[in-house]
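Notes for the one structure printed next.
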Amino acid sequence: MAPPVPSAEPHEEAAFEQPAPERPLPSQEEAAPDAPAEEPAQLRKSTQPQFRLQAKITGLERTGKKDPILRFDVHTNLPRFRTTQYRDVRRLHSEFIKLAEHLISANPEALVPAVPPPLTSAGAGTDEDESRVKALMQRWFNYVCGSEALMMDDEMVLFVESDFGYSPLVKRKQPATGVRRKILKQFAPPPDDTPELADARPTVKLFYLGTMDAGHKVDKLVKARRGLGLAESDYGVKLGRMHVQEPHPGLANAYKKLGRVVQAVGDYHAAQATAEATTIGDPFQHHSQDAFIVKETLTNRQILIREFLQAQEVTRGKLNSADRLKASSSVRREKVDEAIAALDEARENELQLYNKTSRVTRNLVQERRKWFDRTATDLRMEIREFVLREIEAERRTLALLESVRGDIRSIDGTGGLSRLGREAHPVGRRTSLAASQGPKGDAWSGAPRRSDATSRTASGSFVAKVPEEGDGDEGQDAAGSVHGGAGAAGAGAAGLVGLEEDDEDRVDARNAASRLATSTF
């Protein structure tokens, strides 16, 4: 029988008699301590200085098709910066992308927003393009500089203080890349004690795919509308040339005027396509890129949880090996030291992964809420701007088409093409030549426009509403029926407010048929 090893026995007992406690997965409940524990933390926060990092975009420089240069000022009180103010810092747009890629890899607990593109659909060199690029980059700066995790990154100091040609000093990679990442995505997600983050990834993935598909459809819409504008412009030119061979003077004048109007409508549609691509197409593409980054960040957390579970398995295996070694009849010093070192290393690795997973989970819960609120707010603003631009474009087009009504009706004495083959109505029953688009609103709408709508749209540039033609009760009834009960002759938009509801203003099948029968198009 081998003699016992006296020096190894106490060491062995100390290491083997304390089994590693089974650590649960980090959850949101662990991230939120009890109220008594929060009070000292709040007192410590009040005594600590409030660190801040502020950046303001001051200019945008373009040189042909090269990478644009962004100028900005920085104000900070972080101790790692050499000074508190930096004036006229210049960085290429590609350098912003390098910084964002580093922040994504080095800060798995933060949701880094996607860098806006250096060019919008408004076109390089236009005022709208410059203002949009500066506003989007300022919004990106505000979020990055407002995040406690991102502002403390060492690369922020290098990004601000580098003279020229910034490049990340430490290049970090994702926890899993290439084929291994694709294989891990095929597996079922690991057990997660934080349902808020577990349910977030499928939602973000659907949003990513939906915005990407919507962006592609908007691109098709823009392409089709631009084609429509080109076709209308060509048709307007050909229609205007028909007045040369037309012997009838009224019809020749109508051809000439209508050709110009159709050509202008084509130009309006081309401008409307550009506005659609700028107001809703570009935001969809940006939100798709942003959602992809969020999805990959949540995937990194799942990979981290998987590594933590594997570390727990390794620790249990090392502990079982140590238990078997302890129960053996002959114990050698080398095997004991080796087992203790392996067990300590496994426990240390498990503890590090546990702390990292807890920190990532705690911060991502807050980041997810902020990202959801920020994305919803941005989408509402972008959809509102898109709708206003669409309304403005349609009102411009309608006002332009109405400007040629007089020339169409003056082709002959009976009203020209406005009758569409019907009998010649008396003058009092013909539709008014008043412009439907005015600063007070749409004449065919039953509600007056709000007072602040004039400043939000370009409706002030349209032709103002003029008194309607016709006199007598019959003409007034016809005008009121055409404009949805907008009032009698000469009443204008002021009569809309005090108009009493009567039988003619009821919306039912009989009134609709009556109004349709007396309307001209």
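The values are calculated or read from the model by the stated rules, or taken from the named source; none is laboratory data. Nothing here was measured: the structure is a model prediction, and the numbers come from that model. Cβ: placed from backbone, ideal geometry, glycine included. Neighbour counts: every protein chain shown.
Worth a mention:
- Residue, farthest from residue 164 (Cα to Cα), within the range 79-89, restricted to residues that are surrounded by 14 or more Cβ atoms within 10 Å (Cβ to Cβ) and under 31 Å from the mean Cα position of the chain (by Cα): 86
- Test: residue in the range 384-400 that is crowded, with 16+ Cβ neighbours inside 10 Å, over 30 Å from residue 214 (Cβ atoms) and in contact with a strand residue (DSSP E or B) (Cβ under 8 Å, 6 or more places away or on another chain): yes
- Which numbered condition residue 396 fails, given (1) of a type outside the set (A, V, I, L, M); (2) in contact with a Leu (Cβ under 9 Å, 6 or more places away or on another chain); (3) within 30 Å of residue 236 (Cα to Cα): (2)
- Selection count, the range 352-404, where residues are within 30 Å of residue 262 (Cβ to Cβ), among the polar types (S, T, N, Q) and assigned to a helix (DSSP H, G or I): 1
- Test: residue in the range 66-76 that is of a type outside the set (A, V, I, L, M), without any contact (Cβ under 8 Å) to a residue 60 or more places away in the chain and farther than 21 Å from residue 146 by Cβ: yes
- Residue ID - modelled with the lowest pLDDT, chosen from residues in the range 275-303 that are out of contact with any Pro (no Cβ under 9 Å at 6 or more places or on another chain) and of a type in the set (Asp, Glu): 296
- Qualifying positions in the range 124-135 - under 16 Å from the mean Cα position of the chain (by Cα) and over 16 Å from residue 94 (Cβ atoms): 132, 134, 135
- If you check 106, 135 for being among the aliphatic types (A, V, I, L, M), within 30 Å of residue 359 (Cα to Cα) and surrounded by fewer than 20 Cβ atoms within 10 Å (Cβ to Cβ), only one passes: 106.
- Residue within the range 79-92 that is in a helix (DSSP H, G or I), within 28 Å of residue 51 (Cα to Cα), of a type outside the set (A, V, I, L, M, F, W, C) and not assigned by TED's automatic domain parsing to the domain that holds residue 362 present: no
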